[in-house]
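Quick note: the coordinates plus some simple rules give every number you see, no bench work behind them. Here the structure is a predicted model, which is why all the values come from computation and not from measurement.
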Amino acid sequence: MNRKPWILLMAALAAASLAVLASAVLGGRTSAPAPGAGSVPQASAAAKTTFPGLVSAEGEPDLAGLGTTRPAPGQILEIQGPFDDRILFQDLAFDGQAATGAVRVTSDVSDLLELQVLAGFYDDRGNLLGTARFVHHLGAEGHAHSGPSEEGEEFSIPVPAGLAPQAVSAAVGVPVLVNE
């Protein structure tokens, strides 16, 4: 048998094997990626999620009970909200000019990060005239304390301009609460 064809056949098989191995190791790449390109996901790899019928939220959060509550003149009521199992209202009062009180977070927290108290103001027949809100942002001016608020976060929500002569009662609730 002539050795030359046998050596050429073995060399061709070795070269083919090396090409297959290189392709498997490199994953079919033909060139090196540009610097920083490895940290940017390719568009085809991005997750695409849709929820049919789900409408994006707009504006500030609301409480459904504001429209159905009918406080008597001089009264201030609590409106049911999504965080009622984690808060207590204290010292609620309405003097015709503002809804005041405090919200004490009862869950185990280290910081109160975000809190909104929404107030509805009503006429003498219990009809909703308008709303206003108190907003606490951790670190914002006047809200620099950290850690759990043992006494509660005090709030005062003035009756919006133009409603003061007609507003004779109020209702409050918490649509936003973020804590650690």
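Assorted remarks:
- Listed values for the stretch 91-102 are Karplus-derived 3J(HN,Hα) couplings in whole Hz (6.51 cos²θ - 1.76 cosθ + 1.60, θ = phi - 60°), namely 6, 5, 8, 9, 10, x, 10, 7, 9, 10, x, 9, and x replaces Gly and Pro.
- Sequentially through the stretch 9-17, phi angles give Karplus couplings (6.51, -1.76, 1.60; θ = phi - 60°) of 5, 5, 5, 5, 5, 5, 5, 5, 5 Hz, Gly and Pro residues having no value and appearing as x.
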